[in-house]
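S.K.: Structure in structure tokens, see below.
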Amino acid sequence: MTVMSSAALDRMLAILLVAQIASGLLTLRSGVPATAPLFWLHGLLGGTLLVASAEKLRRSIGPALRTRRWSRLVLGALLTLAVAAALAGGFAWVASGRIWSIGPWTILTLHVWAGLAVVPIVLVHLVPRRWRLLRPRRAGAPGLSRRTFLAMIAGTALGAGAWAAANVSDRLRGGSRRFTGSRWLPDGGIPPPTTFYGEGAPTLDADAWRLRVTGRVADPMTLDLAALDALGGTERTAVLDCTSGWVMRTSWRGTPLASVLAAAGADPDAHFVNVRSATGWMVPLEPADLDDALLATHVGGRRLPIGNGAPVRLVAPRRRGLDWVKWVIEVEVT
Ligand code: HEM
């Protein structure tokens with residue numbers, strides 16, 4: 001006896017998957033504690049998705065094999081694999097109690113890649129079915145049946161249980177995760193030289209290096225390291241939280257971005273400050289990010305290593321690591 005119709009289950013799965021991908025992508029840019037509920041939601045959706053996917057598999061494997069529609073079967077198998085990999089990676093990361101990697105990649109990085117791989121597959125899978133999924137209920141057709149509603153509640157409760165179990169396992173193994181899911185490295189050191197896409201460090205000569213300050217400024221400037229330092233070096237402790245799953249509190253020394261903007265006469269009504277890297281990576285900072293942002297030349301009491309973004313790296317305490325631009329060459333006010 002099925003408690004939920006296949007159409008209702010498919011709709012629920014589609015909504016869960018889209019919500020899970022969206023919540024996952026949003027976590028990449030969520031660096032302030034006020035965003036913690038987003039990570040809880042991601043965890044809860046992940047658990048519910050586990051339950052709904054298992055039920056979908058239980059129902060669809062037999063008919064799919066019997067009907068021998070191979071293209072549908074292959075696509076269904078691909079989607080199952082990607083979702084299973086994302087689910088397994090997510091739970092393994094949370095429940096493991098430690099930072100673990102396969103080769104140079106942490107389990108969380110592999111989880112995110114699996115999560116991103118779900119996107120194109122789910123689009124190819126869902127688009128032909130969009131009308132069936134989006135078709136409004138016929139007039140007079142019964143709404144969400146009580147049974148379907150109870151099934152959804154039960155599925156969510158089981159999902160919450162899976163999420164809770166993963167977190168209990170983490171605690172029992174002595175794990176300590178920040179609200180972002182990242183695991184703490186010892187304070188005060190030099191962070192691992194991780195990059196989001198695994199790209200290598202560009203070769204930059206510190207003596208030839210220049211910082212260009214452009215855009216909506218009264219005095220566009222080009223600064224070398226000495227001129228940047230002359231704008232007033234300062235030391236700050238800040239938490240660098242990498243989306244690959246590690247987090248470190250350490251000391252950074254450099255020039256406040258606000259001092260550079262003030263020296264260039266930046267337009268106070270500007271909307272963004274774009275910080276650009278020699279690699280082409282660019283991050284638009286909002287006014288709220290500028291108060292404690294730093295253009296750092298030292299970390300953990302030492303000159304910044306090239307892998308950590310020398311000669312100058314952005315320190316943006318309200319952001320996740322992928323926004324802490326390395327190898328900075330331009331600050332553009334827009
Ligand atoms: C698209 C990009 C994604 C990103 C950036 C991402 C990020 C994360 C992060 C940071 C965590 C750890 C949370 C914590 O430690 O509390 C996590 C956990 C998890 N994610 Fe994702 N995720 C993504 C996609 C997905 C997708 C598509 C699925 C499912 C199909 C998924 C399922 C899970 C699960 C089951 C967990 C463990 C839940 C828990 O116990 O907290 N994620 N994810």
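The values are calculated or read from the model by the stated rules, or taken from the named source; none is laboratory data. Because the structure is predicted, anything quoted here is derived from the model rather than measured. Backbone-built Cβ (ideal geometry, glycine too); neighbour counts: all protein chains shown. Areas reflect the complete protein model, heavy atoms only, side chains present, ligands, DNA and RNA absent. Shrake-Rupley method; radii C 1.70, N 1.55, O 1.52, S 1.80 Å.
S.K.: Out of all Cα-Cα pairs in the stretch 6-180, roughly what percent, to the nearest whole number, are more than 22 Å apart?
M.R.: Cα-Cα pairs of the stretch 6-180 separated by over 22 Å account for 49 percent.
S.K.: When the accessible area of the stretch 6-180 is computed with all protein chains present and a 1.4 Å probe, what percentage of it is carbon and sulfur?
M.R.: 71
S.K.: Taking the solvent-accessible surface of protein heavy atoms with a 1.4 Å probe, what is the per residue accessible area of the stretch 211-333 in Å²?
M.R.: Counting only protein heavy atoms, the per-residue value for the stretch 211-333 is 37 Å².
S.K.: With a cut-off of at most 15 other beta carbons within 10 Å, and DSSP calling the residue loop, which trypsin sites (Lys or Arg not before Pro) in the stretch 202-242 qualify? Please list them.
M.R.: Of the trypsin sites (Lys or Arg not before Pro), the ones in loops of the stretch 202-242 whose Cβ has at most 15 other Cβ atoms within 10 Å are Arg210.
S.K.: How large is the helix-only mean residue ellipticity at 222 nm for the chain, computed as the sum of -39500 (n - 2.57) over DSSP H runs with n ≥ 4, divided by its residue count, in deg cm²/dmol to the nearest 500?
M.R.: -15000 deg cm²/dmol
S.K.: I'd like the FRET efficiency for Thr222 and Ala77, computed as 1/(1 + (r/R0)^6) with the beta carbon distance as r and R0 of 51 Å, rounded to 0.05. All intermediate terms of the calculation are to be shown ahead of the outcome.
M.R.: On the way: r = 56 Å, r/R0 = 1.10.
Calculated value: 0.35.
S.K.: I would also like to ask the following. How long are the semi-axes of the equivalent ellipsoid of the chain, defined as square roots of 5 times the Cα gyration tensor eigenvalues? Whole Å, largest first.
M.R.: 46, 22, 18
S.K.: Between Asp292 and Arg212, what length in nm is gained on full extension when 0.36 nm per residue of separation is reduced by their alpha carbon distance?
M.R.: 26.8 nm
S.K.: Count the net charge of all other residues whose Cβ sits under 12 Å from the Cβ of Arg249, scoring Lys and Arg as +1 and Asp and Glu as -1.
M.R.: 0
S.K.: I want to check the label-to-label distance for Ile306 and Arg147. Put each point 7 Å from Cα in the C-beta direction and report it in nm to one decimal.
M.R.: About 6.7 nm separates the two model spin labels.
S.K.: Sticking with this structure for a sec: Computing the accessible area with a 1.4 Å probe over protein heavy atoms, can you report the carbon and sulfur percentage for the stretch 235-334?
M.R.: Answer for the stretch 235-334 is 52 percent, counting heavy atoms of protein chains only.
S.K.: If I take R0 = 35 Å and measure r between the Cβ atoms of Leu57 and Ser96 in this structure, what FRET efficiency does the formula 1/(1 + (r/R0)^6) give, to the nearest 0.05? Intermediate values should be presented prior to the final figure.
M.R.: Working: r = 25 Å, r/R0 = 0.70.
Taking R0 as 35 Å, the efficiency between Leu57 and Ser96 is 0.90.
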